[in-house]
Amino acid sequence: MATLHAYPVHPLDPQAGPASHRVEPEWIYLEPTEAFPEHLDDLTVTQLQVLHSQICSQLDWEYLADPAGPHPITLDRRRALIGALDARVGTQDPYG
């Protein structure tokens, strides 16, 4: 069983109770040191959405935890995921 990290938890989150009720962080966050798919085109939309959710949670945590801001790898992964999701629906990222 993986160890729980001290990630920020919203005070109104019902999961913020006893440790026995908390979700393992690998289900919520995707740290820069963790594996990331090389070819996003091979993933289903659902898999892309799960990765996007993990990256967004990681970005939130990095903005809160590091005064210097998020890790460049996390930002690059977010851009890649946005591009892959947009390619599926035929839209373009207005920021990228």
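The values are calculated or read from the model by the stated rules, or taken from the named source; none is laboratory data. A quick note: this is a predicted structure, and the numbers were derived from the prediction, not measured. Cβ sites come from the backbone with ideal geometry, for glycine too, and all protein chains shown count toward neighbours.
So which residues in the range 66-92 are aliphatic (A, V, I, L, M) and surrounded by fewer than 12 Cβ atoms within 10 Å (Cβ to Cβ)? Walk me through it before giving the result.
In the first step, residues of the range 66-92 are kept if they are aliphatic (A, V, I, L, M); the result is 68, 73, 75, 80-82, 84-85, 87, 89.
Of everything in the range 66-92, those that are aliphatic (A, V, I, L, M) and surrounded by fewer than 12 Cβ atoms within 10 Å (Cβ to Cβ) turn out to be 68, 89.
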Counted residues in the range 68-84 being closer than 12 Å to residue 30 by Cβ and of a type in the set (Lys, Arg) come to 2
Those residues of the range 1-41 which are at pLDDT below 90 and in a helix (DSSP H, G or I) amount to 14, 15, 16, 19, 20, 21, 25, 26, 27
Looking only at the range 60-80, which residues are in a helix (DSSP H, G or I), modelled with pLDDT of 95 or more and either of a type outside the set (Asp, Glu) or in contact with a strand residue (DSSP E or B) (Cβ under 7 Å, 6 or more places away or on another chain) (or both)? 72, 73, 74, 75, 77, 78, 79, 80
